[in-house]
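Participant: The structure that follows is given in the form of structure tokens.
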Amino acid sequence: MIGNLIARAFQILCGAVVLGLSISAIKWQYFGSAPATTSYSAFAGAFGVLAALIGIATSFVEAIPEIIMVGVDGLAAVLLLAGGLAFAIGLKGVTCNNDDSTYENFLLNGGCQKSGGEDYCAVPTDNLHAVLSGRCRTAEADSAFLFLGFLASLAAAVLCFLASRRGGRGVKSSAV
């Protein structure tokens, strides 16, 4: 039970960080809509938080069978892994200290518009390096927490599965 609650706490932490970072990335989009990768990551983070909260409730209330929680945690793990992979692929070849690679990256540049045959992206030119470097580090952190959330969800799923096989459940079984 204690291991399950620790996994749930880490799951909530990772999901909340992913949700916050993804919303921050959505807000810097100026031209067009936010990239699907960013919006999906916000969804995955929110789902991770929801799965953890339901899992905590399941530890104390027997209304939800543990095998259902294994499925919910498994789904959260898959969603978070997919988001982490999408960010990692989207950031491939980007170095946070290289303004050219960050300026051209669709996850970081805030959207671009063509004007006079050239692309103009939504990055202020007076502090270009600071803005792009900050966005890049935010995106890298988002990707890292998506992978950590995947591990937390996977751990929670395994712990729920093992508890269901033992026949134990939450507080009631830990008191025995």
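Participant: Just checking, which of Glu118, Glu140 is surrounded by 16 or more Cβ atoms within 10 Å (Cβ to Cβ), of a type in the set (Asp, Glu) and out of contact with any Gly (no Cβ under 7 Å at 6 or more places or on another chain)?
Facilitator: Among Glu118, Glu140, only Glu140 is surrounded by 16 or more Cβ atoms within 10 Å (Cβ to Cβ), of a type in the set (Asp, Glu) and out of contact with any Gly (no Cβ under 7 Å at 6 or more places or on another chain).
Participant: Quick check on my filter: what residues within the range 108-164 are more than 21 Å from the chain's Cα centre (by Cα) and among the hydroxyl-bearing types (Ser, Thr, Tyr)?
Facilitator: Correct list: Ser115, Tyr120, Thr125, Ser164.
Participant: May I ask you to list the residues in the range 10-41 that are over 15 Å from the mean Cα position of the chain (by Cα) and in a helix (DSSP H, G or I)?
Facilitator: Across the range 10-41, the qualifying residue is only Lys27.
Participant: Return the pair list, or none, for Cβ contacts closer than 8 Å from residues in the range 15-33 that are aromatic (Phe, Trp, Tyr) to residues that are part of a loop (DSSP other than H, G, I, E, B), at least 6 apart or on different chains.
Facilitator: If the second residue must be part of a loop (DSSP other than H, G, I, E, B), the pairs left are Trp28/Gly110; Trp28/Ala122; Tyr30/Gly110; Tyr30/Gly111; Tyr30/Ala122; Phe31/Gly110; Phe31/Gly111; Phe31/Ala122.
Participant: Across the range 43-62, which residue is surrounded by the most Cβ atoms within 10 Å (Cβ to Cβ) among those that are within 16 Å of Val18 (Cα to Cα) and aromatic (Phe, Trp, Tyr)?
Facilitator: Phe47
All of the numbers you see were taken from the coordinates with simple rules; none came from a lab. It should be emphasised that the depicted structure is a prediction, and the values quoted were computed from it without experimental measurement. All Cβ positions, glycine included, derive from the backbone under ideal geometry; neighbour counts span all protein chains shown.
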